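Worksheet: one structure, shown below.
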Amino acid sequence: LKKKNCKKALVVVRLDLLRADKKIFTRLTVDLLVKTAPKLSASAFWRTVIFCCNMASAAGRRLVCSQLSKLSKLTAPSQRASLGPRRYAHAAAVPTSSSLPVQEQAQIRHETSVPNPDPAPDSPTAAFLNQSVPYMVPTYVRPPPMMVQGDGCFLYDNENRQYLDFTAGIAVNSLGHNDPELNRLIAHQAQRLIHASNLYHNPWTPTLSKSLIEETQKQSPGSPLTQVFISNSGSEANEAALKFARKVTYAKDPNTKQRDIVSFHGSFHGRTYGSLSATPNKKYQPPFGPMLSGFRYGQYNDVAAVPELVNENTAGVIVEPIQGEGGINVATPEFLQALRKRCDEVGAILIFDEIQCGLSRTGDLWAHTASGVHPDILTTAKALGNGIPIGATIVSGKTVAPYINTGDHGTTFGGNPFACRVAHHVFGRLAKTKLQEEVRRKSTLFFSFFDTINEKFPGIVSEVRGKGLIVGYQLSDSAKDKANEILTAARERGLLIITAGDGVIRIVPPLVISDEEINRGLAILEDAFSAVFHKPGNVEGTAGQQEMASR
């Protein structure tokens, strides 16, 4: 302030005092505004007011509101909006006589219309990303927020916006973020041993393997799965499964023609060449063709087509009991039973990919359990490490393991003691029946929300699919093109969701989410639907923003 650097002073207050006492934070910000108002642009003024109200306590918001009239008198009328009673969207916007660029006026109006606006183009976040992101290969298009911290079912960006996380890192953080018990274990193991290579034994790879087998056999009676190969990801787990399936037929007859792999439209098995070849999606395959030979594709849940699709040339069939990326499509028991029967008839290996739908996400340890069908190979990853990279390929001791020999497959990092100890802890907690019961109970809240949406927004959502806490709201044909708008509207109201398939809103929250957090998130999602499809004239915003509107 002494150097009359108002912008820098505001940044100091906004960034260094975010976690300070809210009363102190609010008073400091108000004092700063009073002292610097004559020098502030309309953009800086309103962004700081909005920011302060979002951060402040109820009493703090009243204090800010009480100062607005005083502040407006310190500056030229053309730089401040009228403070008379009106909708907040107008009260907090720049006036029509503003000399600000049109684009900046639009940005300010947008920021004042939602509780949790994305970082502005001139924000510290944007400045950082503009300087650093160009060094990254552009394989992802990301929204503006930059996440820096997690706590339970919430994420926080570097400007301290809070987001309720209905994505769980795409079904990864089933125990939530920043779990204290897991953090202590990670710190302890990191100080002991992280990696020593697969040339030597370590205590945690076999301990994790034993736990996976024993709990699977306990919760899926009759399961033939007896041995585990540990890798680093879901793609790697599926790659191993595909190789093992072909190795089985080769071991039986090196001259065999039984080499084909069958997968299904709507599936997603990974991005390595084998797993990508099993993923018949026009979005992913064409740029990297030709795909590996010997892959055939069928229609998901088409029982009648199974006998012809799976034939004497089929080495393996890979299928997701619930297709995640494909749109939360649930396999019928009859379909899985038909695949099992046909694989037995022709001697093919049946692979269940439970990388997204397994590990209690459906309310059972494994999504296939309810069908009564057992696979020859089961793959898992994602939630197994709760954010630490790890995957597992679990195989039958009768139909697969006897044909896999030393040197047939390997990995540098897979099975390291650090990841395996973390996974052992995570798996032990996810396998608890009490957690699974809670998942099944909480699931009803998401499925009943379908009725709420249908009542308030008829014709927008045509179907709800899924099981447990993997849920998809299928948008109708007329609303599919609005999926990304719904995501943005939800995010700018403090909720993170993702899409899947063709116009599906996908919900995969942490399994430890509370009823209160679920209801809060569904209320935000309803507001997002309202913003996209109804666009009503009512006031939107946080309690602080609405309070400002009424003054």
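Descriptive notes on the structure:
- Residues (assigned to a helix (DSSP H, G or I) and free of Cβ contacts under 8 Å to residues at least 24 places away in the same chain) located in the range 463-486: LYS480, ASP481, ALA483, ASN484
- So THR393, is it in contact with a Phe, Trp or Tyr (Cβ under 6 Å, 6 or more places away or on another chain), buried (at least 24 other Cβ atoms within 10 Å of the Cβ) and under 24 Å from LEU276 (Cβ atoms): yes
- Complete set of residues in the range 117-154 that are of a type in the set (D, E, K, R) and crowded, with 18+ Cβ neighbours inside 10 Å: ASP118
- Residue in the range 196-218 that is surrounded by 16 or more Cβ atoms within 10 Å (Cβ to Cβ), more than 25 Å from GLN323 (Cβ to Cβ) and more than 29 Å from the chain's Cα centre (by Cα) present: yes
- Filtering the range 466-487 to residues that are touching a strand residue (DSSP E or B) at 6+ places or on another chain (Cβ under 8 Å), under 20 Å from PRO509 (Cα atoms) and not polar (S, T, N, Q) leaves GLY466, LYS467, LEU469, ILE470, VAL471, GLY472, TYR473, LEU475, ALA483, ILE486, LEU487.
- Residue list for the range 438-462, filter: at negative phi and either not assigned by TED's automatic domain parsing to the domain that holds LEU511 or not in a helix (DSSP H, G or I) (or both): PHE457, PRO458, ILE460, VAL461, SER462
- For beta carbons closer than 6 Å, sequence separation of 6+ or different chains, a first residue in the range 360-378 that is crowded, with 21+ Cβ neighbours inside 10 Å and a second that is modelled with pLDDT under 95 and among the hydrophobic types (A, V, I, L, M, F, W, C), there are no qualifying pairs.
- Residue count for the range 376-410, restricted to those that are of a type in the set (Ser, Thr, Tyr) and either farther than 23 Å from HIS424 by Cα or in a loop (DSSP other than H, G, I, E, B) (or both): 3
- The set of residues in the range 436-461 that are surrounded by 16 or more Cβ atoms within 10 Å (Cβ to Cβ) and over 16 Å from ILE518 (Cα atoms) comprises GLN436, PHE457, ILE460, VAL461.
- Matching option when the condition is surrounded by fewer than 16 Cβ atoms within 10 Å (Cβ to Cβ) and modelled with pLDDT of 95 or more, among LYS247, LYS282, LYS252: LYS252
- Residues (within 19 Å of ALA419 (Cβ to Cβ) and small (Gly, Ala, Ser)) located in the range 347-396: GLY358, ALA381, ALA383, GLY385, GLY387, GLY391, ALA392
- Residue list for the range 257-280, restricted to those being in a loop (DSSP other than H, G, I, E, B) and in contact (Cβ under 8 Å) with a residue 24 or more places away in the chain: LYS257, GLN258, ARG259, HIS265, GLY266, SER267, PHE268, HIS269, GLY270, ARG271, THR272, ALA278
- Selection within the range 108-129: residues that are hydrophobic (A, V, I, L, M, F, W, C) and outside any loop (DSSP other than H, G, I, E, B). The member of this set that is modelled with the lowest pLDDT is ILE108.
- Every test in (1) part of a loop (DSSP other than H, G, I, E, B); (2) surrounded by fewer than 18 Cβ atoms within 10 Å (Cβ to Cβ) is passed by TYR300 save one, and that test is (2).
The values are calculated or read from the model by the stated rules, or taken from the named source; none is laboratory data. Given the structure is predicted, the values throughout are model-derived calculations rather than measurements. Every residue, glycine as well, gets a Cβ built from its backbone with ideal geometry; the counts of neighbours run over all protein chains shown.
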